[in-house]
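These notes are about the structure you will find just below.
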Amino acid sequence: PAQPRDRLRVAVQKSGRLGDPARELLASCGLTWRESRDRLFLYGESLPIDILLVRDDDIPGLIADGVCDLGVVGRNVLVEHHLERGAAGRPASLREWRQLGWGACRLDVAIPEGDEWTGPAQLAGLRIATSYPQTLGRWLRENGVEAHPVVLNGSVEIAPRLGQADVVCDLVSTGGTLRANGLVPVTTILESEAVIAGPDHHLEDGRQEIADLLLRRLDGAVQLRESRLLMLRAGRGSLDGVLPLLPAGHEPTVLQVDGLEEVSVQILVHGPVSWSRLEDLKRAGAHNLMVLPVEGMLA
Ligand code: ATP
Ligand code: MG
């Protein structure tokens with residue numbers, strides 16, 4: 001059992017794709033840090049929350065072993081760890097505490113450009129280069145296909161050109177890297193995004209309380225990113241035409257403008273408000289339309 005701890009420890013990718021956004025997200029929750037000399041540890045100053053900077057592949061293991069309490073990691077890494085444990089006959093110990101809505105990518109099977117794709121069955125007997133042998137293995141089993149995974153920890157996309165593999169199973173966001181290597185994605189075996197990973201049980205020694213506080217702020221911060229305040233003015237008479245055109249969101253607030261036959265309408269909206277939406281509202285009688293970013297929120 002881990003030593004008692006009264007500070008929360010969060011594992012974050014040291015560099016790479018998720019490192020900076022993860023630290024920005026935690027900073028937007030009001031966390032500030034003092035950096036250790038070796039820059040591997042960020043000591044939390046504003047809250048008892050410390051950050052350990054590591055390779056993303058190590059994050060699930062650090063949480064499973066109780067060295068860290070939470071981690072920011074791609075679902076792809078978490079799923080692979082989970083299946084690896086299962087294959088070794090050990091029970092699941094982690095779960096996704098939150099989805100963060102960024103770091104989106106897919107684990108795709110990609111084949112040489114020009115080859116026809118007829119379905120999973122055509123992979124039978126082929127060598128498939130991947131860094132995700134467990135996730136690939138599960139998908140192959142589900143599809144009743146026997147193939148030969150070739151496990152590589154980097155540069156998966158050049159394996160076919162080097163003659164190491166026939167096809168690949170790799171992470172894709174735009175597909176540009178694959179295309180540059182003469183490969184085309186043909187099927188998706190996992191949809192991924194950045195998540196907060198944690199144990200599948202409550203934390204101890206008062207750390208759950210700190211985690212709850214962090215998660216509440218995280219939820220606020222994640223919502224905040226997407227939130228806009230839409231404000232407009234309209235004559236009383238056009239209100240019935242304007243209200244149905246408002247984007248879905250919270251209940252609008254309608255205020256009487258002092259001394260005028262006019263109202264001011266405010267509504268909190270999740271996601272962008274398009275120009276055409278604003279034009280529709282204007283045609284229905286609204287004016288002085290404004291879309292504002294939201295800086296802070298506490299329901
Ligand atoms: P580390 O040195 O920490 O092991 P890494 O090279 O394994 O880094 P990155 O390439 O930084 O990892 O990717 C981290 C995560 O970013 C991936 O596990 C995945 O969840 C996500 N991601 C988003 N888009 C992509 C993409 N196009 N290619 C690879 N990963 C992506
Ligand atoms: Mg890695």
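Data overview
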quantity	calculated
Any hit, region 262-273, residues being at pLDDT 95 or above, exposed (fewer than 15 other Cβ atoms within 10 Å of the Cβ) and more than 33 Å from the chain's Cα centre (by Cα)	no
Test: residue in region 129-136 that is out of contact with any Pro (no Cβ under 9 Å at 6 or more places or on another chain) and β-branched (Val, Ile, Thr)	yes
Single match in Ser15, Ser46 (criterion: touching a Ser or Thr at 6+ places or on another chain (Cβ under 8 Å), surrounded by fewer than 19 Cβ atoms within 10 Å (Cβ to Cβ) and among the small types (Gly, Ala, Ser))	Ser46
Pairs, first closer than 8 Å to His148 by Cβ in region 119-133, second more than 16 Å from ligand 2 (Cβ to nearest atom) and part of a helix (DSSP H, G or I), C-beta under 7 Å, six or more apart	Ile128/Leu136
Strands (runs of 3 or more DSSP E) lying entirely in region 237-293 (those with 2 or more residues that are over 25 Å from Leu224 (Cα atoms))	262-270, 286-293
Residue among Thr188, Thr177 that alone is modelled with pLDDT of 95 or more, assigned by TED's automatic domain parsing to the domain that holds Glu113 and either of a type in the set (Val, Ile, Thr) or assigned to a loop (DSSP other than H, G, I, E, B) (or both)	Thr188
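Conditions (1) more than 16 Å from ligand 2 (Cβ to nearest atom); (2) touching a Lys or Arg at 6+ places or on another chain (Cβ under 6 Å); (3) β-branched (Val, Ile, Thr); (4) without any contact (Cβ under 8 Å) to a residue 40 or more places away in the chain, marked per residue:
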site	(1), (2), (3), (4)
Trp33	yes, no, no, yes
Arg39	yes, no, no, yes
Leu53	no, yes, no, no
Pro60	no, no, no, no
Gly66	yes, no, no, no
Val73	no, no, yes, no
Val77	no, no, yes, yes
Arg98	yes, no, no, no
Arg106	yes, no, no, no
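Rundown of residues vs (1) modelled with pLDDT of 95 or more; (2) buried (at least 20 other Cβ atoms within 10 Å of the Cβ), yes/no style:
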position	(1), (2)
Ile59	yes, yes
Asn76	yes, yes
Glu84	yes, no
Ala92	no, no
Trp97	yes, no
Gly101	no, no
Glu116	yes, no
Ala121	yes, no
Gly144	yes, no
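The values are calculated or read from the model by the stated rules, or taken from the named source; none is laboratory data. The model shown is predicted, which means the values in this text are computed figures rather than measured ones. No Cβ is skipped: glycine too gets one built from the backbone with ideal geometry, and neighbour counts run over all protein chains shown.
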